[in-house]
Amino acid sequence: MLRKKRYVLLLSLLVICMLIGITSHLKNERAVGIAKNLKQKSESLDEVVTEINGKEVSRSALNITFSNGDQVDLLMKMKLSKRLYTVFKHLKHQPTFSFAANMNQDVLSKFVLKKSPEVVKVNFQLDSNQVMHIHQKLYLNAPISSKTKPLFLDTRNYQFLFLNERQQAVAILFDLNLSTWQ
């Protein structure tokens with residue numbers, strides 16, 4: 001009787017281990033299949049823009065500081081889900097990022113030099129970290145005055161852009177004063 005119970009217990013454990021192994025193998029196969037499909041199908045951010053949403057992207061609030069009297073530093077921490085990171089990693093033309101004056105209430109552009117800022121590039125092939133520190137400098141055409149300083153400190157005057165290979169915005173984040181970081 002005791003021997004029969006041991007045999008049933010051993011057989012049950014063997015079946016459970018096999019099921020776990022099969023499930024794990026299927027998950028790996030699915031992940032490899034998704035990665036292969038992404039490599040074959042997606043060339044541009046335009047094709048995967050629907051993947052950019054609140055479940056896939058979290059961010060800190062925009063931090064704004066001044067340096068040298070004629071520069072504005074913009075800094076925001078962003079975390080991509082593992083899934084979205086993989087999507088970006090397998091794009092033929094990887095996305096770039098930029099802050100911009102909020103087009104609905106653009107009060108900043110007249111103070112910023114036309115060639116500023118440079119877009120932020122992330123090498124998704126080398127960097128395996130899903131957390132990005134987006135940092136840009138705005139170069140101003142004149143030193144910041146007490147009148148213009150509040151305009152630059154107001155996060156409502158900015159938006160964050162996901163740019164395709166033609167430097168066109170395909171996704172825009174507003175309300176940069178709010179953090180969605182978890």
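Screening residue 154 against (1) open to solvent by 60 Å² or more (accessible area, probe 1.4 Å); (2) of a type in the set (D, E, K, R); (3) out of contact with any Leu (no Cβ under 8 Å at 6 or more places or on another chain) leaves a single unmet condition, (1).
I'd like to know if segment 65-78 contains one or more residues that are crowded, with 18+ Cβ neighbours inside 10 Å and assigned to a loop (DSSP other than H, G, I, E, B). No, segment 65-78 contains no residue that is crowded, with 18+ Cβ neighbours inside 10 Å and assigned to a loop (DSSP other than H, G, I, E, B). The lone criterion from (1) open to solvent by 50 Å² or more (accessible area, probe 1.4 Å); (2) part of a strand (DSSP E or B) left unmet by residue 162 is number (1). When restricted to residues that are open to solvent by less than 80 Å² (accessible area, probe 1.4 Å) and free of Cβ contacts under 8 Å to residues at least 24 places away in the same chain, segment 130-149 contains 1. Across segment 98-120, a minimum of one residue is classified as at pLDDT below 90, assigned to a loop (DSSP other than H, G, I, E, B) and farther than 22 Å from residue 168 by Cβ.
When residues in segment 44-76 are screened for being basic (Lys, Arg) and closer than 15 Å to residue 158 by Cα, 1 of them pass.
The values are calculated or read from the model by the stated rules, or taken from the named source; none is laboratory data. Source: prediction; values computed, not measured. Glycine also receives a Cβ, built like all others from the backbone with ideal geometry; neighbour counts cover every protein chain displayed. In case anyone asks, the SASA skips ligands and DNA or RNA and just uses the protein heavy atoms, side chains included. Shrake-Rupley method; radii C 1.70, N 1.55, O 1.52, S 1.80 Å.
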